[in-house]
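Contents: one structure, followed by commentary.
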Amino acid sequence: MKGPMRDVIDLSMNEGEPPPRECFDVLERVGPGILRKYADPQPLEEAYAAYLGTDPANVLATTGGDDAIDRVFRAFLAPDQEMVFPTPTFEMIPACARMARGTLVPVEYEWGTLPHDDILAAVNERTGVVAVLTPDNPTGRAFTTRELLRLADALPPEVVLLVDSAYAEFAEEDHTAALLEVPRAVMIRTMSKSWGLAGMRVGFAVGAKERIDVLRGFGGPYALTGPSVAIALDRLRNGVDEMRRFVEYVRSRRERLAEVILGIGGEPQPSQTNFVFSSFPDARWIQRGMAAQGVLVRCFPHLPEYVRMTVPRDDGEFRRAERALGCLAGGGPEALLFDMDGVLADVRRSYREAIVRTCASFGVEAGHELISAVKAAGSANDDWAVTHRVLAGAGVEASLAEVTARFEEVYQGTEDAPGLRRHETLIPSRELLEELARSFRLGIVTGRPRADAERFLREHGVRGCFSAVVCREDGPLKPDPAPVRIALEQLEARTAWMLGDTPDDVRAAVGAGVVPVGVVPPGQTEDEAAGAWAALEGAGAARVVEADAELGGLFDG
């Protein structure tokens with residue numbers, strides 16, 4: 001795709017803000033010798049223990065929190081033993097338990113309150129580990145220290161209580177000191193979230209010395225790299241206040257983000273993390289629509305109605321996320337952009353038939369099904385070029401100019417034969433377009449020559465609805481995003497939806513940061529329509545609708 005790379009904000013992974021550039025100075029000070037030596041984790045464990053207010057013997061440095069989780073299951077979950085856990089949960093909890101050859105025992109519950117009785121009912125003589133997340137991922141909710149201690153006290157002494165506390169800094173209550181008094185408990189901590197060091201992979205297992213000593217034997221002696229240890233040490237010694245300021249910023253902004261989500265029809269869960277987990281009437285529309293605008297959020301196949309969104313890390317990110325959400329619901333976009341053929345104009349008996357007849361004039365049979373497949377494959381926004389490509393594929397040696405001339409005779413007509421263009425009709429109702437023009441700035445982005453585009457709009461009485469008409473003479477053809485950007489500039493709009501019937505339309509919209517809505521052209525067979533739908537979704541369409549008088553009800557409600 002041509003044009004500059006888009007600035008993408010990734011709010012899908014719950015990563016913190018970047019650490020200061022002084023972190024690189026740390027590596028400069030220690031010098032390249034750090035790269036040849038195995039890293040000693042002891043100073044890091046001592047520094048993290050001091051941060052938590054505990055003894056270094058209670059802390060094991062690991063390769064991120066995932067390594068700590070993996071060690072717990074390999075150490076305390078024998079093959080065919082059971083792991084009991086409230087679900088949904090962080091995906092690495094069941095993944096690591098399965099790798100340890102354990103049996104999963106999920107406990108469904110009402111989010112927000114630790115399902116104490118249900119967990120205990122699932123615990124038996126085969127249970128090796130009970131795993132709890134607090135604050136929880138993906139819901140964002142947290143359990144109280146009182147709830148955790150009540151559960152710990154009720155578990156059999158041989159059962160390990162794994163408490164994943166990756167988001168502990170963002171929570172309203174710190175349970176660390178209380179759980180350190182529980183011999184069976186092992187907490188998972190990380191510097192990936194609040195500290196902004198996800199790329200360094202620094203995590204910790206925290207618990208009673210007896211448990212930590214066991215975990216040391218279930219991993220390599222040098223789990224962390226020298227640069228990771230050096231930078232993490234610097235952050236613990238010099239960056240605690242900075243981290244806490246960021247945490248306070250996130251706490252205030254997650255409330256604001258929840259308000260924005262409520263305002264557009266979502267239902268956010270209460271959060272004690274650096275993300276907000278929300279249900280939407282159409283979560284996929286939110287996820288794909290935001291991605292098209294350069295803001296990545298996360299959906300989960302097992303929770304299809306929900307979207308998880310990291311709290312934006314600064315005011316600039318927040319404004320972009322808020323604008324992207326607003327474009328998808330609530331006030332909607334500032335502009336609506338339309339491809340012409342197959343969206344506004346029914347071209348089954350004009351452009352599509354012109355391709356068929358032009359090919360036939362060269363002795364090649366090209367049915368509508370073949371043309372639909374070529375269009376769905378992409379790079380097919382120029383019907384002259386599409387016709388030339390079909391002929392070349394059939395072994396016909398003809399120049400593009402010759403093919404174009406024959407095509408235009410068929411489409412425009414001659415003195416002896418009227419052209420196929422006379423068969424074109426308006427797909428959406430004129431009333432719908434006039435209604436939309438009262439609420440949005442409307443534009444057209446088409447590969448048609450300007451004369452053909454303008455004539456169609458005038459003949460069907462809708463030219464006045466559109467404030468911008470971008471045609472093939474105005475720039476490169478789609479999938480290049482340039483014509484979409486030109487339309488946005490002419491409309492003075494920052495947010496828009498682009499309605500198009502080909503993958504080229506979708507890719508051009510995404511390249512320009514516009515929400516792509518796929519439109520299945522009228523008159524297709526069931527198989528053709530299914531293929532078009534799949535091609536549009538595969539190209540990145542945030543939603544797909546049928547082409548009809550009301551555009552598939554896209555604007556209802």
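The values are calculated or read from the model by the stated rules, or taken from the named source; none is laboratory data. Just so you know, these numbers come straight off a predicted model, no measurement behind them. Here the Cβ is made from the backbone with ideal geometry for all residues, glycine too, and neighbour counts use every protein chain on show. Please note that ligands, DNA and RNA were not included when accessible areas were found on the heavy atoms of the full protein model with its side chains. Shrake-Rupley method; radii C 1.70, N 1.55, O 1.52, S 1.80 Å.
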How do Leu35, Leu536 rank by accessible surface area computed with a 1.4 Å probe, from largest to smallest? Leu35, Leu536
Give the relative contact order (percent, whole number) for the chain; include only Cα pairs under 8 Å separated by 6+ residues. 14 percent
When the Karplus curve 6.51 cos²θ - 1.76 cosθ + 1.60 is applied with θ = phi - 60°, which whole-Hz ³J(HN,Hα) does each residue of the stretch 10-23 get, with x for Gly and Pro? 9, 10, 9, 10, 6, 6, x, 6, x, x, x, 5, 4, 4
Students often check this: by mean Cβ neighbours within 10 Å, which of 436-446, 207-217 ranks highest, and how do the rest follow? 436-446, 207-217
Relative to the compact-globule scaling 2.2 N^0.38 Å, provide the ratio for the alpha-carbon radius of gyration of the stretch 1-63. 1.70
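Rolling a 1.4 angstrom probe over the protein heavy atoms, how many square angstrom per residue are accessible across the chain? Show your work: numbers first, answer last.
Working: 23640 Å² over 557 residues.
Accessible area per residue, the chain: 42 Å².
For Ala534 and Glu110 in one chain, what is 0.36 nm times their gap in residues minus the Cα-Cα distance, to one decimal in nm? Mind showing how you got there, number by number?
Values: separation 424, 0.36 × 424 = 152.64 nm, distance 3.61 nm.
The span from Ala534 to Glu110 would gain 149.0 nm if fully extended.
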Ranking Gln269, Val159, His423 by how far each Cα lies towards the positive end of the charge dipole of the chain (+1 on Lys and Arg Cβ, -1 on Asp and Glu Cβ), the top one is Val159
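State the antiparallel share, in %, of DSSP beta bridges confined to the chain, rounding to the nearest 5. Walk me through the numbers before you get to the answer.
Working: 23 of 63 bridges.
About 35 percent, rounded to the nearest 5.
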Under the √(5λ) rule applied to the eigenvalues of the Cα gyration tensor, what semi-axes describe the equivalent ellipsoid of the chain? Give them in Å, descending. 58, 24, 23
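Checking the a/c ratio against 1.5 first, then a/b against b/c, what shape does the Cα gyration tensor give for the stretch 153-243? Spell out each step's value before the answer.
On the way: a/c = 2.59, a/b = 1.41, b/c = 1.84.
The shape class here is oblate.
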Would you please state which residues of the stretch 57-72 a label at Met99 would reach in this model, taking the label point 7 Å out along Cα→Cβ and a backbone N cut-off of under 20 Å? 60-72
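Would you work out the charge dipole size for the stretch 44-115 about its Cα centre, treating the Cβ of every Lys and Arg as +1 and the Cβ of every Asp and Glu as -1, and quote it to the nearest 20 debye?
Values: 4 positive and 11 negative charges, 41 e Å.
Its charge dipole is roughly 200 debye.
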So, by mean Cβ neighbours within 10 angstrom, what's the order for 84-94, 355-365 with the highest one leading? 84-94, 355-365
With a ≥ b ≥ c from the Cα gyration tensor eigenvalues, square-rooted, and the rule rounded for a/c under 1.5, otherwise prolate when a/b > b/c and oblate otherwise, the stretch 420-529 is rounded
Tally Lys/Arg at +1 and Asp/Glu at -1 over every other residue whose Cβ is under 9 Å from the Cβ of Lys478; what's the total? -3
What's the extension gain from Ala398 to Arg450 if we count 0.36 nm per residue and subtract their Cα-Cα distance? 16.1 nm
Other-chain or far-sequence residues with amide H under 5 Å of Gln81's (modelled H): Thr103
For the stretch 326-367, rounded, prolate or oblate, judged on the Cα gyration tensor with a ≥ b ≥ c (square roots of eigenvalues), a/c < 1.5 rounded, else prolate if a/b > b/c? prolate
Taking the dipole of the stretch 398-477 about the Cα centre (Lys, Arg +1; Asp, Glu -1; charges at Cβ), the one of Ala405, Gly443, Gly461 that reaches farthest to the positive side is Gly443
Say R0 is 45 Å: what FRET efficiency, to the nearest 0.05, do Asp117 and Asp556 get from their beta-carbon distance? 0.50
With θ taken as phi - 60° and the coefficients 6.51, -1.76 and 1.60, list the Karplus ³J(HN,Hα) couplings across the stretch 214-229 in order, rounded to whole Hz; mark glycine and proline as x. 5, 5, 4, x, 10, x, x, x, 10, 6, 10, 7, x, x, 5, 5
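What's the FRET efficiency of Glu173 with Met13 using the Cβ-Cβ distance as r and R₀ = 22 Å, to the nearest 0.05? Don't skip to the end; give the middle numbers.
Working: r = 25 Å, r/R0 = 1.14.
For Glu173 and Met13, the calculated efficiency is 0.30.
Given Cβ point charges of +1 (Lys, Arg) and -1 (Asp, Glu) and nothing else, what value in debye, to the nearest 20, does the dipole of the chain about its Cα centre take? Let's see the in-between values first.
Numbers: 60 positive and 85 negative charges, 228 e Å.
With Lys and Arg at +1 and Asp and Glu at -1, about 1100 debye.
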Relative to the longest principal axis of the C-alpha atoms of the chain, give the angle of the C-alpha long axis of helix 351-361, reported between 0 and 90° and rounded to the nearest 10°. 60 degrees
Out of residues 5 or more away from Thr62 or on other chains, whose amide H comes under 5 Å of its own, with H placed 1.01 Å from N in the peptide plane? Gly203, Phe204, Ala205
Applying the Karplus parametrisation 6.51 cos²θ - 1.76 cosθ + 1.60 with θ = phi - 60° to the phi angles of the stretch 268-277, what ³J(HN,Hα) value in whole Hz is obtained for each residue in order, glycine and proline being reported as x? x, 7, x, 10, 10, 10, 9, 9, 10, 10
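Measure off, as a whole percent, the carbon and sulfur share of the 1.4 Å-probe accessible area of the chain, all protein chains present. Intermediate values should be presented prior to the final figure.
Numbers: 11660 of 23640 Å².
Carbon and sulfur together cover 49 percent of it.
If you place +1 on the Cβ of every Lys and Arg, -1 on the Cβ of every Asp and Glu, and leave all else neutral, what size is the dipole of the stretch 421-557 about its Cα centre, to the nearest 20 Debye? Walk me through the numbers before you get to the answer.
On the way: 16 positive and 23 negative charges, 124 e Å.
Roughly 600 debye, rounded to the nearest 20.
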As a check on your grasp of the helix formula, calculate [θ] at 222 nm for the chain: sum -39500 (n - 2.57) over DSSP H runs of n ≥ 4, divide by the residue count, round to the nearest 500. -12500 deg cm²/dmol
Run a plain Debye calculation on the stretch 50-149 (Cα atoms as equal point scatterers, no solvent) and give log10 I(q)/I(0) at q = 0.19 Å⁻¹, rounded to two decimals, same order as the q list. -1.02
As an exercise, use a Förster radius of 30 Å and the Cβ-Cβ distance of Ala360 and Arg463 to find the FRET efficiency, rounded to the nearest 0.05. 0.35
Signed unit charges on C-beta, dipole axis of the stretch 1-87, positive-most listed residue Ala49, Phe73, Gly16: Gly16
How large is the translational diffusion coefficient of the stretch 364-439 in µm² per second when you combine the Kirkwood radius over alpha carbon pairs with Stokes-Einstein at 4 °C and 1.567 mPa s? 87 µm²/s
Amide H within-cut-off set for Arg543, under 5 Å, with H built and near neighbours excluded: Gly518
Pseudo-spin-label distance Glu242 to Ala437, built 7 Å along Cα→Cβ, given in nm, is 5.6 nm
